[in-house]
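Notes follow once the structure below has been shown.
Just so you know, all these numbers are worked out from the coordinates, no wet-lab data involved. Values in this document were obtained by computation on a predicted structure and should not be read as measured data. Counting neighbours? That spans all protein chains shown, and the Cβs are built from the backbone with ideal geometry, glycine included.
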């Protein structure tokens with residue numbers, strides 16, 4: 001019986017690919033990544049597929065955060081978010097002028113961000129005024145830090161901490 005390739009790898013057979021395990025690996029240290037001849041001495045850790053994830057954050061929260069971060073990964077959308085954060089509510093034409101982009105492009109970005117709850121809008125007559133949906137983002141980050149389970153609403157990195165605190 002032949003082994004099937006890992007999930008995501010194309011197979012020449014018509015059999016469906018299934019996940020048999022989850023592989024967790026540590027990132028190589030800087031010296032190893034700069035000098036491949038040093039090699040890595042650590043073997044990847046293989047966990048059975050039915051092992052519960054050590055990540056304490058719910059899948060829903062992870063999915064919602066991923067949607068927000070995908071929106072922020074585009075430089076034009078990030079500029080729109082920064083403009084709305086600095087200026088407050090803005091009309092599309094003001095955003096277009098500030099960013100040097102066309103109205104259809106800015107409207108498209110705003111629609112995508114509105115779909116994931118990153119921005120909201122108020123309609124005044126025929127005009128839409130956009131703003132950051134801080135309630136949604138606040139609730140999402142609050143859930144993320146609450147789920148992380150350390151009780152401090154903070155994530156500790158090697159030389160700094162990222163914390164959540166309401167005003």
- [ ] Using Cα pairs closer than 8 Å and at least 6 residues apart in sequence, work out the relative contact order for the stretch 55-167, in percent.
- [x] 26 percent
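Rank these for me by crowding, 71, 113, going from fewest to most other beta carbons within 10 Å.
71, 113
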- [ ] Compute the relative contact order of the stretch 80-131 as a whole-number percentage, counting only Cα pairs closer than 8 Å that sit 6 or more residues apart in sequence.
- [x] 41 percent
Task: Residues 89, 165, sorted so that the one with the fewest Cβ neighbours within 10 Å comes first - done: 165, 89
Open item on the list: Using a 7 Å offset from the Cα along the Cα-to-Cβ direction at both residue 131 and residue 103, what is the distance between the two label points in nm, to one decimal?
Closed with: 2.4 nm
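Fewest to most neighbouring Cβ within 10 Å: what's the order for 98, 115? Don't jump to the answer; show the numbers that get you there.
Values: 98 15, 115 11.
Ranked by crowding around the Cβ, least crowded first: 115, 98.
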Task: Label-point separation, residue 122 to residue 60 (7 Å along Cα→Cβ), nm - done: 3.0 nm
